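Here's the structure, in structure tokens; my notes come after.
The values are calculated or read from the model by the stated rules, or taken from the named source; none is laboratory data. No experiment lies behind these values; they were computed from the predicted model shown. Every residue, glycine as well, gets a Cβ built from its backbone with ideal geometry; the counts of neighbours run over all protein chains shown.
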Amino acid sequence: MEYLWSSLIILLLLASQIINVFGGPANWIALALVALWKWIYPESMGWGFVAVLAVMAVVGEVLEFVMQCWGAKRYGATGRGNVGGIVGAIIGAIFGAPFFFGIGAILGALGGAYLGCLVVELPGKGMEAAKYAALGSFWGKAFGFTIKFSLGAAMVVLSIPRVWP
């Protein structure tokens, strides 16, 4: 029976990472699944391992946010431009989610980061400077998402041997 439950948890761990595409809490879901497994089968791993996964989830969230802000700032965005990029990314992910089997959420978040920063920066800067700042928000979001997704994948890969009996 343990093999059945183990297989189910592993499938759910793998499936949880699909939620990253929608900008959802995939890494937190993976952490919850591993913590549940640890609670049911305490001998499978230590709480220290679960804590390491929790740190990875926090780092992924923080870096996703920080990278977008850093990219926009590096390309000349103001604080308002950063906020516009973050709000635009959230709105873009929500509106893009129904398209391309969910992949539209990524494209929407990237486009929203660009457009949100551009719209906010445009009144205070010329078109070229605003587009340049918006490009920084776009690339920062892209790199931040890549880091968060990679950390989630690492969490799953590290967890599988501890879940499998």
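Does Met127 qualify as being out of contact with any Lys or Arg (no Cβ under 6 Å at 6 or more places or on another chain), free of Cβ contacts under 8 Å to residues at least 12 places away in the same chain and at negative phi? In short, yes. Among the numbered conditions (1) at pLDDT below 95; (2) assigned to a helix (DSSP H, G or I), tell me where Pro123 comes up short. That leaves (2) as the condition not met. If you go through region 6-30 and keep only what is more than 24 Å from Ile94 (Cα to Cα) and in contact with a helix residue (DSSP H, G or I) (Cβ under 8 Å, 6 or more places away or on another chain), you end up with Ser6, Ile9, Ile10. On inspection, Leu118 qualifies as surrounded by 22 or more Cβ atoms within 10 Å (Cβ to Cβ), among the aliphatic types (A, V, I, L, M) and not in a loop (DSSP other than H, G, I, E, B).
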